[in-house]
Amino acid sequence: MRETSPTRAEIAFLVLLGLFVGALVMTNAIAGKFFVLFGQELSAGIIAYPVTFLVTDLISEIYGRKRASWVVGSGFIVSVFVTLIVWIALQVPVYEQSPVDQQAFSTVFGLMPGIVFGSMVAYLTAQFVDVQLFEFWRRLTKGKYLWLRNNGSTFFSQLVDTVAVVTIALVIWPEIDGNPNTQPLSWEVWQGIVLGQYIFKLAIAAIDTPLVYLGVWGLRRWIEDDPAVHKPAATNGRA
């Protein structure tokens, strides 16, 4: 078993898993930078995060719901691990000649408990909702209309994600953290942030539909043509 070459299906799954984890880690790594698009302030993390939904849809379509759920669970474990490593790095005393001082490091990698907790809850909830809805639509349409289960699952799960992270991090947490300098968002501000981020996520989700079709077609063709699976039958030694 140790010397057995992986099948194309295994290789493809590992690549998809790597893309999922990479996009998830990058989402948290670049989330501290904000930009303005059409008058709406957006975290740079929103650039990488939609990739995770694209990947889970591909895995759900090719490998099934259970495999996609395992990927989501693995992503959560990786997120906790990365958060722990960053926390330890923040606690380590900085060397006086370090090219990056403690303040600069804390500015980029400083952990805000409300955002970290909100992101974790939103991630788990939205990703599992996405996987379950994708399978629901697949069964309802008997495997037809890939565009429907791709968009139907992503549109709703992105709404769950956006509402959860904004509500927990910016409304609920400021009420319970005991810090008088932080105030929960008003309804008007909350509504604007949720709406702006959700519209952006919807646009990205709509754009990725052709990528899902292309990915499913390419992966299935590549996996089905695996020479390791379709080996010629061995002869029994007789002419």
Point to revise | Odd one out for THR56, checked against (1) of a type in the set (Val, Ile, Thr); (2) under 18 Å from THR125 (Cβ atoms); (3) modelled with pLDDT under 90 | key: (3)
Exercise for review: State the number of residues belonging to the stretch 178-215 that are surrounded by 16 or more Cβ atoms within 10 Å (Cβ to Cβ), modelled with pLDDT under 85 and part of a loop (DSSP other than H, G, I, E, B).
Suggested key: 1
Review point. Considering only residues of the stretch 16-66 that are assigned to a helix (DSSP H, G or I) and acidic (Asp, Glu), which is nearest to SER157 (Cα to Cα)?
Key: ASP57
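Determine if the stretch 84-93 includes at least one residue that is part of a loop (DSSP other than H, G, I, E, B) and free of Cβ contacts under 8 Å to residues at least 12 places away in the same chain.
From the stretch 84-93, those part of a loop (DSSP other than H, G, I, E, B) are 92-93; that's our starting set.
Checking which are free of Cβ contacts under 8 Å to residues at least 12 places away in the same chain leaves us with 92-93.
Yes; the residues of the stretch 84-93 include at least one that is part of a loop (DSSP other than H, G, I, E, B) and free of Cβ contacts under 8 Å to residues at least 12 places away in the same chain.
What residue, of GLU224, GLU175, is modelled with pLDDT of 85 or more, among the charged types (D, E, K, R), loosely packed, with under 14 Cβ neighbours inside 10 Å and more than 21 Å from the chain's Cα centre (by Cα)? Talk me through it step by step, then tell me what you get.
Working: GLU175 fails: modelled with pLDDT of 85 or more.
That would be GLU224, the only listed residue that is modelled with pLDDT of 85 or more, among the charged types (D, E, K, R), loosely packed, with under 14 Cβ neighbours inside 10 Å and more than 21 Å from the chain's Cα centre (by Cα).
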Revision key, fill the gap. Flagged in the stretch 61-89 as surrounded by 14 or more Cβ atoms within 10 Å (Cβ to Cβ) and aliphatic (A, V, I, L, M), in numbering order, are ILE62, ALA68, VAL71, VAL72, VAL78, VAL82, VAL86
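Has the stretch 134-152 got any residue that is on the phi > 0 side of the Ramachandran plot, surrounded by fewer than 19 Cβ atoms within 10 Å (Cβ to Cβ) and either in contact with a strand residue (DSSP E or B) (Cβ under 7 Å, 6 or more places away or on another chain) or among the charged types (D, E, K, R) (or both)? Reasoning before the result, please.
In the first step, residues of the stretch 134-152 are kept if they are on the phi > 0 side of the Ramachandran plot; the result is 142-143, 145.
Still in the running and surrounded by fewer than 19 Cβ atoms within 10 Å (Cβ to Cβ): 142-143, 145.
From the residues that got through so far, the ones that are either in contact with a strand residue (DSSP E or B) (Cβ under 7 Å, 6 or more places away or on another chain) or among the charged types (D, E, K, R) (or both) too are 142.
Checked the stretch 134-152: at least one residue is on the phi > 0 side of the Ramachandran plot, surrounded by fewer than 19 Cβ atoms within 10 Å (Cβ to Cβ) and either in contact with a strand residue (DSSP E or B) (Cβ under 7 Å, 6 or more places away or on another chain) or among the charged types (D, E, K, R) (or both).
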Practice item. Answer with yes or no whether THR4 is touching a residue at least 12 places away in the same chain (Cβ under 8 Å) and either among the hydroxyl-bearing types (Ser, Thr, Tyr) or in contact with a Phe, Trp or Tyr (Cβ under 8 Å, 6 or more places away or on another chain) (or both). Key: no
Check your understanding: Failed condition for ILE168, given (1) in contact (Cβ under 8 Å) with a residue 40 or more places away in the chain; (2) out of contact with any Gly (no Cβ under 7 Å at 6 or more places or on another chain), with all others met?
Key -> (2)
**Study point:** Selection within the stretch 111-133 - more than 26 Å from ASP177 (Cβ to Cβ) and surrounded by fewer than 17 Cβ atoms within 10 Å (Cβ to Cβ)
**Key:** GLN132
Review point. Counting only residues that are modelled with pLDDT of 90 or more and not β-branched (Val, Ile, Thr), which one in the stretch 24-47 is nearest to ALA205 (Cα to Cα)?
Key: LEU24
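The values are calculated or read from the model by the stated rules, or taken from the named source; none is laboratory data. Since we're looking at a predicted model, the values are computed, not measured. Positions of Cβ are generated from backbone atoms using ideal geometry, with glycine treated the same way; all protein chains shown enter the neighbour counts.
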